[in-house]
Amino acid sequence: MIHLTRRYPNRFGNDSRARIPSTASSMRTRRVFCARRTMLPPLHRIVLRCSHNTSPRKTVLSNSNHKGNTVFKNLMMFRVSGWPTELALLEEALASAQYVECSASQEKSIGWVPPRGHAHGALVEVVAGQWLLKLMMEVKVVPASVIKRKVQERMDQIEASTGRKPGKREKSDISDEVRLSLLPMAFSKQSSTQIWVDPSRGLLLTDAGSESRADELMTCLIKAISGLAARPINTKTAPSTAMSLWLSTKESPPGFSVDQECELKAADDSGATVRYTRHSLDTDEVSQHIAMGKVPTRLALTWAERVSFVLTDTMQLKKIAFLESVFEGAASSPSDGKDDDFDADVAIATGELSKLIPDLIEALGGEVLANPIEGG
């Protein structure tokens, strides 16, 4: 039996140890372990990741005093023009489209909320010259199976009372009526999207996890800000082409290192896909897949031993995590309050990513300069 030993301070300030059996031999052992586990302060809980790969792994700092890696987990990049130069003008523009919770019969609501999280706070925060916004979306979801069942019940009642079967148009009207009647009882789901703007570089970044969410966000921005124009950042070398070169030649771009996660997809209609997780990519097998026509769609990279992320073939950055070296200078000056935490988190995240992005664009051959998409 394998045992793991965890050290944590007890209520008397001394160190105690809890031996955790890999398989509990009895219900009593499990109860004792669970009781001890619930007593652990959050800062002392540890997540252990196991892998058959014995190669050393980079350390990602997860102390709650350093939350910079929670500001942005994903990034999509845009070039913008026509961004307001005065904070008051932007605040006024966003105030006209603030988020309001869904009413009883409302299916969807979208609007701007304070990025700091304080009620009635500012809709735009500026930290070290970087502008932060947040878009909130609320959606009420009524299960399709429930709607289908209720519609069928209504149709059966109509057929039983009138002797006729409702047509397609009437069925559609019944479906709409049923949905509206169920909305007041539906659970709502809220999700927010962060926006980071670097006005000096004309750069807008969002942590939207999908292109559809990014499109919706940009639509809201262009509606709120008159004269705003934006376009996605395009590079001279497509990300998939560059990733193929790095993997086939086993040479990382300057300032970056290839990690142990990759996804390869066939370029034809077969849809054949090969995924590597926690697996060395410096092998002939990977090169052979690329030689046979498979194209990298995701590749894990680390920049300057400070930030790890996954680059996609659509120029998105996913699974962004800041490594321990990023926080070494900040460890001696922990923040005291929530406001300080927000400012520190934003300063760390934007400070590191504002250096990473130019290096990544350079590794992809540089940016293709073009006129931005016209705004509304």
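The values are calculated or read from the model by the stated rules, or taken from the named source; none is laboratory data. Because the structure is a prediction, the values reported are computed rather than measured. Don't worry about glycine lacking a Cβ; one is built from the backbone with ideal geometry, like all the others, and counts go over all protein chains shown. Calculation scope for accessible area: heavy atoms of the full protein, side chains included, ligands and nucleic acids excluded. Shrake-Rupley method; radii C 1.70, N 1.55, O 1.52, S 1.80 Å.
In region 237-255, the count of residues that are in contact with a helix residue (DSSP H, G or I) (Cβ under 8 Å, 6 or more places away or on another chain) and β-branched (V, I, T) is zero.
Per-residue answers, yes or no, for (1) open to solvent by 30 Å² or more (accessible area, probe 1.4 Å); (2) at pLDDT below 95:
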position	(1), (2)
E138	no, no
A160	yes, yes
G163	yes, yes
P166	no, yes
S181	yes, yes
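V127 falls short on exactly one of the conditions (1) within 19 Å of the chain's Cα centre (by Cα); (2) closer than 30 Å to G351 by Cα, and that condition is (1). Just checking, how many residues over region 301-320 are open to solvent by 10 Å² or more (accessible area, probe 1.4 Å) and touching a Phe, Trp or Tyr at 6+ places or on another chain (Cβ under 9 Å)? Total satisfying the criteria: 6. Beta carbons closer than 7 Å, at least 6 apart along the sequence or on distinct chains, pair a first residue in region 91-107 that is closer than 12 Å to F187 by Cα and touching a residue at least 60 places away in the same chain (Cβ under 8 Å) with a second that is open to solvent by less than 100 Å² (accessible area, probe 1.4 Å) and acidic (D, E) for C102/E138.
Consider region 183-223 and keep the residues that are under 12 Å from the mean Cα position of the chain (by Cα) and free of Cβ contacts under 8 Å to residues at least 60 places away in the same chain. The one that is surrounded by the most Cβ atoms within 10 Å (Cβ to Cβ) is T193. Every condition in (1) open to solvent by less than 60 Å² (accessible area, probe 1.4 Å); (2) more than 30 Å from R154 (Cβ to Cβ) holds for N234 except the one numbered (1). Identify the residue in region 128-167 that is touching a residue at least 40 places away in the same chain (Cβ under 8 Å) and β-branched (V, I, T) and, among all such residues, is farthest from M185 (Cα to Cα). By that ranking, first place goes to V139. For region 275-296, a residue qualifies if it is surrounded by 14 or more Cβ atoms within 10 Å (Cβ to Cβ) and either over 19 Å from L364 (Cα atoms) or β-branched (V, I, T) (or both), and the qualifying residues are Y276, R278, H279, L281, V286, S287, H289, I290, K294, V295.
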